[in-house]
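A short worksheet on the structure shown next.
The values are calculated or read from the model by the stated rules, or taken from the named source; none is laboratory data. Everything numeric in this text was worked out from a predicted model, so none of it was measured. Every residue, glycine as well, gets a Cβ built from its backbone with ideal geometry; the counts of neighbours run over all protein chains shown.
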Amino acid sequence: MNLMSPKSFLRNSANNGLLTFLYCSIATTIAVGLLVSAPEKVTGHTQKPQSTQQSAKLQEAERLNKRALQLLREGKYTEGIPFAQRALAIREKVLGKEHPQTAQSLSALVLLYAFQENYSKAEPLYVRMLSINEKVLGKEHPHNALILNGLAEL
């Protein structure tokens, strides 16, 4: 499959597999994102109080992640990768490697790599995102099926 603009991609019915992958990734990102503010009782994930410095770092990570997703929408996959990588690094350092917000950054990076057809980089990140999701939501949660479907599309 050749790289093309997102609009051309969406119009091309031959891209249904990767389109399914995209929808699954977006749905997963939304689901995991909703868990960030869910109470510990629901997620089983405790949130430590954040210092002012940590809060500023997380705001920076959010800004970087949004920029990466904007570049994805514009079809500028290579340009988006450094933003997604920096957002991921910040969230890993501040929140830990298995936090739901870390999974959000993983999702952005997975999409950028997948649209570049760099599946060897996308796959391990997708597996890691699935692992986080299983720990947060449980192995039987329906969103895991979406992640597995997206992984199968790689």
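Yes/no per residue for (1) of a type in the set (Phe, Trp, Tyr); (2) farther than 22 Å from residue 53 by Cβ; (3) within 13 Å of the chain's Cα centre (by Cα):
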{"site": "93", "(1), (2), (3)": "no, no, no"}
{"site": "112", "(1), (2), (3)": "no, yes, yes"}
{"site": "119", "(1), (2), (3)": "yes, yes, no"}
{"site": "125", "(1), (2), (3)": "no, yes, yes"}
{"site": "154", "(1), (2), (3)": "no, yes, no"}
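For the stretch 61-89, how many residues meet the condition of being surrounded by fewer than 20 Cβ atoms within 10 Å (Cβ to Cβ) and among the β-branched types (Val, Ile, Thr)?
1
Pick from the stretch 95-152 the residues that are of a type in the set (A, V, I, L, M, F, W, C) and without any contact (Cβ under 8 Å) to a residue 12 or more places away in the chain: which of them is nearest to residue 56 (Cα to Cα)?
145
Output the residue which, of all residues in the stretch 38-60 that are at pLDDT 90 or above and hydrophobic (A, V, I, L, M, F, W, C), is surrounded by the most Cβ atoms within 10 Å (Cβ to Cβ).
The extreme case among them is 58.
Which one is surrounded by the most Cβ atoms within 10 Å (Cβ to Cβ), of the residues in the stretch 137-154 that are among the hydrophobic types (A, V, I, L, M, F, W, C) and assigned to a helix (DSSP H, G or I)?
147
Select, from 98, 123, 134, 92, the only residue that is part of a loop (DSSP other than H, G, I, E, B) and surrounded by fewer than 24 Cβ atoms within 10 Å (Cβ to Cβ).
98
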